[in-house]
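Working notes, structure below.
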Amino acid sequence: MPKIERHHWLGLGGILLLILGAFAPAAPYEGHGEVTAYGGGHGDGIFVIALAVVSLVPLFGKRRLLLLIPAVLAAALVIFMFFDMRARLGQTELGVGWVLLGLGAASLLAAGTVPRKP
């Protein structure tokens, strides 16, 4: 059984935060409750979830640097979704979903770049 190192914990935390952030309220929407990044399966959050799941392969594989590919794509998608949703809804309020998505993307990026133990 492989030993769980700190980059594994960072990566797993990032994956969990990305998945939770996709379902968490991202912004209030007048008359309709709150909007999530997942959007009932029609939002861009589905791609964030897919990238988070795909990140498991390089996270526990031998070529950990490949983790940066889905991590950078997830971070770019989160940034795009943030500005897109703000432009569409005209909202300045942030929901907890954005905090979770941002922390998840940062944690996944950190997992791909943290140095190995000597």
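Couple of notes before you dig in:
- Test: residue in the range 106-114 that is touching a strand residue (DSSP E or B) at 6+ places or on another chain (Cβ under 9 Å) and at negative phi: no
- Phe82 vs. criteria closer than 18 Å to Arg6 by Cβ and among the aromatic types (Phe, Trp, Tyr): no
- Contact annotation: residue pairs with Cβ atoms under 7 Å, 6 or more positions apart or on different chains, pairing a residue in the range 53-64 that is farther than 14 Å from Ile4 by Cβ with a partner that is open to solvent by less than 70 Å² (accessible area, probe 1.4 Å) and not charged (D, E, K, R), are Val54/Pro70; Ser55/Gly11; Ser55/Ile15; Ser55/Leu67; Ser55/Pro70; Ser55/Ala71; Ser55/Leu108; Pro58/Leu67.
- Residue match in the range 33-50 (condition: within 20 Å of Val114 (Cα to Cα), touching a residue at least 24 places away in the same chain (Cβ under 8 Å) and part of a helix (DSSP H, G or I)): no
- So Ala76, is it in contact with a Gly (Cβ under 9 Å, 6 or more places away or on another chain) and either open to solvent by less than 30 Å² (accessible area, probe 1.4 Å) or free of Cβ contacts under 8 Å to residues at least 24 places away in the same chain (or both): no
- Residues within the range 4-32 that are in a helix (DSSP H, G or I) and either basic (Lys, Arg) or buried (at least 19 other Cβ atoms within 10 Å of the Cβ) (or both), tallied: 11
- Against the conditions (1) in contact with a helix residue (DSSP H, G or I) (Cβ under 7 Å, 6 or more places away or on another chain); (2) modelled with pLDDT of 85 or more, Arg64 satisfies every one except (2).
- Positions within the range 85-107 being loosely packed, with under 13 Cβ neighbours inside 10 Å and either aromatic (Phe, Trp, Tyr) or in contact (Cβ under 8 Å) with a residue 40 or more places away in the chain (or both), in sequence order: Glu93
The values are calculated or read from the model by the stated rules, or taken from the named source; none is laboratory data. All of these numbers come straight from a predicted model, not from anything done at the bench. Here the Cβ is made from the backbone with ideal geometry for all residues, glycine too, and neighbour counts use every protein chain on show. To get the accessible areas, we keep the full protein, side chains included, count just its heavy atoms, and leave off ligands, DNA and RNA. Shrake-Rupley method; radii C 1.70, N 1.55, O 1.52, S 1.80 Å.
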